[in-house]
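Single-structure report; data block below.
The values are calculated or read from the model by the stated rules, or taken from the named source; none is laboratory data. Remember, it's a predicted structure, so these values are computed and weren't measured experimentally. Positions of Cβ are backbone-derived with ideal geometry, glycine not excepted, and every protein chain shown enters the neighbour counts.
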Amino acid sequence: MKFAHDFDASLRKEEYPPEWLDSAISYRQLKKCIKKVQKELQELGLDPHILEQLWQNVNNNDRNITTRASPEEPRSRPYHYSVSSGVATLKPRLTVAIDPRDGLPLDAWLSPETRNFLKGLPRSPRTEKQLSFSAAAGIDGGTTQPMPLSVSEHGNPVELQIVDPTEAFETVEIPLTSDSEFFQILKRELDDLNRLQETKQKQLTVQINKLGSDITKLTEMASSRSRAEVEAWREIFRLYVDSQIFFSTSEQDAGTRPCSTAQKQLEDFSNGIADKRKRLRLSHNGSTALKTFLYINASLLHFMKFQEINRTALTKIMKKFDKQTALHMQANLPPALANEHFVAHDLAKAACFTIQEQLLPIVPQINDYLCPVCLTISFKPVRLRCNHVFCIRCLIVMQRAKQDHCPLCRGGFVMEACSENLDAKLMKFLKRKFPAEVKAKQKENQHAAGVDRYGEGYDKCAVM
Ligand SMILES: [Zn+2]
Ligand SMILES: [Zn+2]
């Protein structure tokens, strides 16, 4: 009762668009369905208590068989519930083992009425060969023989049933209809959620790409404005990466953040930007682009919240299904449902990857272009044969000291470097993207070259 209420309240509170709400898990309807399954089972004399007893037997049986080659599927199950899937449908099956000699269930827990009812159901016969083994062999004795696999009769190639050649009982399938209804509804809703997620992801990708081309235009304008714009976006993206809004890389809580934490991180990021707003000196178009950037993140978070609450609803309803029917789906989704994008796919990861690929490289961060020796911009950049890049100043110092080993990989590539090792393309890129840093470094290099030639304090003499 409580979760149904919370679920409704949270769907209302977040003001999701109507088409999202249409796709949400219909928790209450599924709950009613579970009641129907329960009633159906009770009418067959299979109330949760009885099924629980049968389940205990299944467990004991499984535990006795520890030497089997394949641990995935228990071997001889006196009672078995599984959901197989076709292209568009999910078909649950509840089977109970019966003795082939008299058609009665093998389990003593069942009432006489239920046993009689089961006797009347159509049996699923084994082959002659399988039936020729003695009746007692398959039920509780372990075996180490390799067991052939066969595709279940419902034709799902994924779910294989293990057929033990010593298995000596037949099964009957209990006719239930409400559980099919339950899984049909669930399948339909997960399909809807899946489609919704695909649409949202496409939408986000389009928005991010568009924003990317807007920011590129702003930072590559011919006017002097572009410099301020580059600086501003560099700061914005630096803050953004540091905020780790949707993911954490810290040791304690690495991975995707829960929505509540992501929301807090996003708020901190927005506040941080607001504090620096004046200093960022964004143009009018720049401010619009920043608003769009914040909007994209907020809208991603909004959708993630919707998914999060639906995932919780899904887990809860499956737990309820097990608890009230004792059919032991074990709160696990059938494979056909678990593979749905909605369950398995991480939208935040996909969206953040697009941001990382499309937006962040527009304004590169200086940290990615530092000389590993002097930790200032590697200008002019010299690329050694090992592909490691140093500033020309540090290379000269290393060559003078006859130090041939690359400080990063220890390869002997320093002494051979000459003017051909200058990376012209990178040089041009650095000049364009980091004009202030390049200018400062050039000045330093000139000074150092002057000191080399005329000794310390040469430039002071020049003033005189
Ligand atoms: Zn250097
Ligand atoms: Zn190297």
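Here are some notes:
- Conditions (1) on the phi < 0 side of the Ramachandran plot; (2) at pLDDT below 90; number of the one not met by GLN330: (1)
- Selection status of CYS409, within 16 Å of ligand 2 (Cβ to nearest atom), loosely packed, with under 14 Cβ neighbours inside 10 Å and of a type outside the set (Phe, Trp, Tyr): yes
- Pairs with Cβ under 7 Å, 6+ apart, first in segment 370-398 and closer than 20 Å to ARG432 by Cα, second aromatic (Phe, Trp, Tyr) and assigned to a helix (DSSP H, G or I): ILE377/TYR369; SER378/TYR369
- Subset of segment 344-369 [over 24 Å from the mean Cα position of the chain (by Cα) and of a type in the set (A, V, I, L, M)]: ILE362, VAL363, ILE366
- Restricting PHE390, PHE379, PHE353 to those that are among the aromatic types (Phe, Trp, Tyr) and either modelled with pLDDT of 95 or more or within 16 Å of ligand 2 (Cβ to nearest atom) (or both) reduces the list to PHE390.
- Per the listing ASN64, ASN59, the residue uniquely within 34 Å of the chain's Cα centre (by Cα), modelled with pLDDT under 70 and not assigned by TED's automatic domain parsing to the domain that holds PHE306 is ASN59.
- The one condition in (1) more than 14 Å from ligand 1 (Cβ to nearest atom); (2) over 23 Å from GLN446 (Cβ atoms); (3) surrounded by 13 or more Cβ atoms within 10 Å (Cβ to Cβ) that LYS431 fails to fulfil: (2)
- Pairs where the first residue, in segment 266-288, is more than 13 Å from GLU235 (Cβ to Cβ) and the second is among the hydrophobic types (A, V, I, L, M, F, W, C), C-beta under 7 Å, 6+ apart: LEU266/ILE245; LEU266/ALA298; LEU266/LEU301; SER270/LEU294; SER283/LEU218; ASN285/LEU218
- Among (1) assigned to a loop (DSSP other than H, G, I, E, B); (2) within 13 Å of ligand 1 (Cβ to nearest atom) - the single one LYS441 does not satisfy: (1)
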